[in-house]
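J.: Shown below is the structure under consideration.
Please treat every number below as a calculation from the coordinates, not as lab data. In this text, all values refer to a predicted model and were calculated from it rather than measured experimentally. We place every Cβ from the backbone using ideal geometry, glycine too, and count neighbours over all the protein chains shown.
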Amino acid sequence: MSDKIEDNVRSILSDILGLSQAQVAAMDDDTELFGALPELDSMAVAGLLTEMEDRLDIMIDDDDVDGELFATFGNLVAFARTKSEG
Amino acid sequence: MSPAPTHLTYEFGGRQEYCLGFGDAKAPRRILIVPPLFDEMNRVRRMLVEAMRALASHGVPSYLPDLPGCNESLADISIQKLADWQRAVIEAAKQLGATHIASLRGGTLIDHEPVLPHWRLAPVKGSSLLKAMLRTRIAADKEAGLSTTIDALMTQAVSGPLALSGFHLGSAMLASLEAAEPIAVAGCHEVVLDDIDGSALWLRAEPQDDPAMSVALAAELDRWSASCGG
């Protein structure tokens, strides 16, 4: 388990969606993302995936991406961890 | 009073291409700004132009050229490739008498030729820019009830220009993007976002402004350009 991945996901969310540091710092595993954050639409998801690939040095197959992935902050971090360790 | 823009042009491919300028062209340092590419350029332009205004207040003129096929350019974007834009940057630097080159994001893919001091902010690979645009296109298609994939779009691009983020890009541009990485330049000063207290406006889903970043960017470019060349 590495908090670096979680920190990275927080800063990517902040950079792409223009959320404040306080807002992303307050996110926990249960924080809802897609549907709860008006900033996070399907266009923003496109940018998020590419930025996650770059900063976490992972490859994301678009077939892996479904609605669940962006449902909560916890899901997104778990996905990033799986990809980083895989 | 905030400095007024000057409306300049440079000649490229038999056309006069527009170039926005600020500041006194007789000043000893003159910075050519190579902007981010495509949709990233649109998201950053406001912040960049405000930084140019602030630079002019520091006594440093700067130039922001339109790349062929972008903004006011009458050139056909679907026949452009990165090598063409790189030659346009060379011409703009020469004709406008630039003494320094400052590039951001995808601008670092086309800035490397002129023999001038270089400054780069947040370089990016061409393949990342392309992938983000392809994913955005797929998301837009999905909302329109169409199902596409990256592979299908790239296949489609062989027979005609592909509309990505509002730009009709031909297969030569797509191929050059896929292969492009920022090319090392001797003595290049590279900075990351944290160095200038900025935000990644180029990634934002909605265009935004960042006046504090414009001020910080101008101060950084003034400091850097004073330290080399000119």
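J.: Mind checking the mean number of beta-carbon atoms from other chains within 10 Å of the Cβ atoms in B:197-208?
T.: 4
J.: Between helix B:82-96 and chain B, what is the angle of the helix's C-alpha long axis to the longest principal axis, kept within 0 to 90° and rounded to the nearest 10?
T.: 20
J.: Give me the mean projected area, in nm² to one decimal, of the convex hull enclosing the Cα positions of chain B.
T.: Value for chain B: 12.3 nm².
J.: Another question, then. Counting just the Cα atoms, what span does region A:3-85 cover along each of its three principal axes? Round to the nearest Å and put the largest first.
T.: Principal-axis extents of region A:3-85 (Cα, largest first): 28, 26, 21 Å.
J.: Give the average, rounded to an integer, of partner chain Cβ atoms located within 10 angstrom of each Cβ in A:49-59.
T.: 3
J.: Once you average over the residues of B:116-128, how many Cβ atoms of partner chains fall within 10 Å of each Cβ?
T.: 1
J.: Need one number for region B:126-180: average projected area of the convex hull over its C-alpha atoms, nm².
T.: Computing the convex hull of the Cα atoms and averaging its projections yields 3.3 nm².
J.: Mind listing the phi-derived Karplus ³J(HN,Hα) values for region A:81-86, rounded to whole Hz, using 6.51, -1.76 and 1.60 with θ = phi - 60°, and x for any glycine or proline?
T.: 5, 4, 5, 5, 8, x
J.: Pairs to check: A:83/B:125; A:83/B:81; A:83/B:131; A:4/B:81; A:4/B:131. Give those whose C-alpha atoms are more than 28 Å from each other in this structure.
T.: A:83/B:81; A:4/B:81
J.: In region B:9-60, what trypsin sites (Lys or Arg not before Pro) fall in a loop by DSSP, with at most 13 other Cβ atoms inside 10 Å?
T.: B:26
J.: Which order results if B:81, B:94 are arranged by neighbouring Cβ count within 10 Å, fewest first?
T.: By the 10 Å Cβ count, ascending, the order reads B:94, B:81.
J.: Then there is this: Equivalent ellipsoid semi-axes for region B:148-230, as square roots of 5 times the alpha carbon gyration tensor eigenvalues: give them largest first, rounded to whole Å.
T.: Those come to 35, 19, 10 Å.
J.: Continuing with the same structure: Please compute, for the alpha-carbon atoms of the protein assembly as shown, the extent along each of the three principal axes and give them in descending order in Å.
T.: 59, 47, 36
J.: I would also like to ask the following. For chain A, set up a Gaussian network in which alpha carbons nearer than 10 Å are linked by springs, and say which option among A:39, A:51, A:68 fluctuates the most.
T.: Highest fluctuation among the options: A:68.
J.: Let me ask something additional. What order do you get for A:85, B:40, B:190 when you list them from fewest to most C-beta neighbours inside 10 Å?
T.: Taking fewest neighbouring Cβ atoms as first place, the list is A:85, B:190, B:40.
J.: Given the -39500 (n - 2.57) contribution per DSSP H run of 4+ residues, what per-residue ellipticity at 222 nm results for chain B, rounded to the nearest 500 deg cm²/dmol?
T.: Mean residue ellipticity at 222 nm (helix-derived): -12500 deg cm²/dmol.
J.: Order by neighbour count: B:154, A:27, fewest other Cβ atoms within 10 Å first, most last.
T.: B:154, A:27
J.: Starting from the Cα of residue B:94, draw a straight line to each of the lysines and keep only those under 20 Å, dropping any in the same chain fewer than 8 residues away.
T.: Counting by Cα, and skipping residues close in sequence, residue B:94 has these lysines nearby: B:26.
J.: What is the extension gain from residue B:72 to residue B:26, computed as 0.36 nm multiplied by their sequence separation minus the C-alpha to C-alpha distance, in nm to one decimal?
T.: That works out to 14.0 nm of additional length.
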